[in-house]
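The values are calculated or read from the model by the stated rules, or taken from the named source; none is laboratory data. No experiment lies behind these values; they were computed from the predicted model shown. Counting neighbours? That spans all protein chains shown, and the Cβs are built from the backbone with ideal geometry, glycine included. Ligands, DNA and RNA are excluded from the accessible area calculation, which covers all protein heavy atoms including side chains. Shrake-Rupley method; radii C 1.70, N 1.55, O 1.52, S 1.80 Å.
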Amino acid sequence: LAKTTQPISMDSYEGQEVNITCSHNNIATNDYITWYQQFPSQGPRFIIQGYKTKVTNEVASLFIPADRKSSTLSLPRVSLSDTAVYYCLVAHNNAGNMLTFGGGTRLMVKP
Amino acid sequence: GAGVSQSPRYKVAKRGQDVALRCDPISGHVSLFWYQQALGQGPEFLTYFQNEAQLDKSGLPSDRFFAERPEGSVSTLKIQRTQQEDSAVYLCASSFGTGGEEQYFGPGTRLTVT
């Protein structure tokens, strides 16, 4: 499984755009990049998934360069409620494929 | 609609006791996963069910851990003779199919072994 590396923590202020970059140098051809969000005392929640270039949904954007060795999760105009741990995962989309979480990035949004 | 539910939300057990943790997945979801999350760390995979079949139990840390899903819906994770190192949050997740789709997590059960 491809190992991911992401910052341990980040601070931001309300209304700012936050970009969290994850490196996955040994990503395989059939691996997808997925991000999950976890609030205290809750289970992780799927945010976004992509394979290459750019993916956008109502919550975030995911930027993946051509070599796919890194990816950037972009959260537009964060609010206090975006304070959470964000996990970058790389996985095949195969049957029964469990998720392999790293340590995640603890994002603190300040007023 | 209803999400994944887990019970109890909190469990305190004395060392050596047996515990049973329940997971109610989203109705109709074929795949069910159990994860263990230690304080300050990301979740770690324990076991996977496809309907009632346990297809992967490679993450179970010892033979004291046992999971079942007899009718392909509700699942129970049982830990026998609990040890202090078993203290963690136990998360259950389900997904609709078998193709590695998005997993929906429950709130977890926080187990404290004293």
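Which of the numbered conditions does B:Q50 fail, given that it passes all the others? Conditions: (1) within 9 Å of chain A (Cβ to nearest Cβ); (2) touching a Pro at 6+ places or on another chain (Cβ under 9 Å).
(2)
Evaluate segment B:9-28: report whether one residue or more is touching a Lys or Arg at 6+ places or on another chain (Cβ under 8 Å), under 17 Å from B:P107 (Cβ atoms), within 11 Å of chain A (Cβ to nearest Cβ) and not aliphatic (A, V, I, L, M).
There is at least one residue in segment B:9-28 that is touching a Lys or Arg at 6+ places or on another chain (Cβ under 8 Å), under 17 Å from B:P107 (Cβ atoms), within 11 Å of chain A (Cβ to nearest Cβ) and not aliphatic (A, V, I, L, M).
From B:F33, B:F49, B:F66, B:F45, grab the single residue that is farther than 21 Å from A:A91 by Cβ, in a strand (DSSP E or B), under 14 Å from the mean Cα position of the chain (by Cα) and not small (G, A, S).
None of the others qualify; the one that does is B:F66.
Which ones in segment B:90-114 are surrounded by fewer than 21 Cβ atoms within 10 Å (Cβ to Cβ) and among the hydrophobic types (A, V, I, L, M, F, W, C)?
B:F96, B:V113, listed by residue number.
Pick from B:R15, B:R22: which is in a strand (DSSP E or B), among the basic types (K, R) and out of contact with any Leu (no Cβ under 7 Å at 6 or more places or on another chain)?
One residue alone meets the criteria, B:R22.
Does B:F65 satisfy the condition of being touching a residue at least 40 places away in the same chain (Cβ under 8 Å), open to solvent by less than 60 Å² (accessible area, probe 1.4 Å) and of a type in the set (F, W, Y)?
Considered against the rule, which asks whether it is touching a residue at least 40 places away in the same chain (Cβ under 8 Å), open to solvent by less than 60 Å² (accessible area, probe 1.4 Å) and of a type in the set (F, W, Y), B:F65 comes out as no.
Is it the case, given these coordinates, that A:R77 is farther than 13 Å from A:I33 by Cβ, in contact (Cβ under 8 Å) with a residue 40 or more places away in the chain and within 14 Å of chain B (Cβ to nearest Cβ)?
So A:R77 fails the test.
Just wondering, is there one or more residues in segment A:56-66 that are within 15 Å of A:N19 (Cβ to Cβ), without any contact (Cβ under 8 Å) to a residue 12 or more places away in the chain and surrounded by 14 or more Cβ atoms within 10 Å (Cβ to Cβ)?
yes
How many residues are under 19 Å from B:Q37 (Cβ atoms) and surrounded by 13 or more Cβ atoms within 10 Å (Cβ to Cβ) if we restrict to segment A:1-55?
Residues in segment A:1-55 being under 19 Å from B:Q37 (Cβ atoms) and surrounded by 13 or more Cβ atoms within 10 Å (Cβ to Cβ): 15 in total.
Let me confirm something: among B:L55, B:L39, which residue is within 14 Å of chain A (Cβ to nearest Cβ), open to solvent by 50 Å² or more (accessible area, probe 1.4 Å) and assigned to a strand (DSSP E or B)?
Going through B:L55, B:L39 in turn, the sole match is B:L55.
Hey, among the residues in segment A:5-48 that are in a loop (DSSP other than H, G, I, E, B) and of a type in the set (A, V, I, L, M), which one's farthest from A:T72 (Cα to Cα)?
Residue satisfying both the conditions and the ranking: A:A28.
Restricting the search to segment A:61-111, which residues are of a type in the set (A, V, I, L, M, F, W, C) and in a loop (DSSP other than H, G, I, E, B)?
A:A66, A:V78, A:A95, A:M98, A:L99, A:F101
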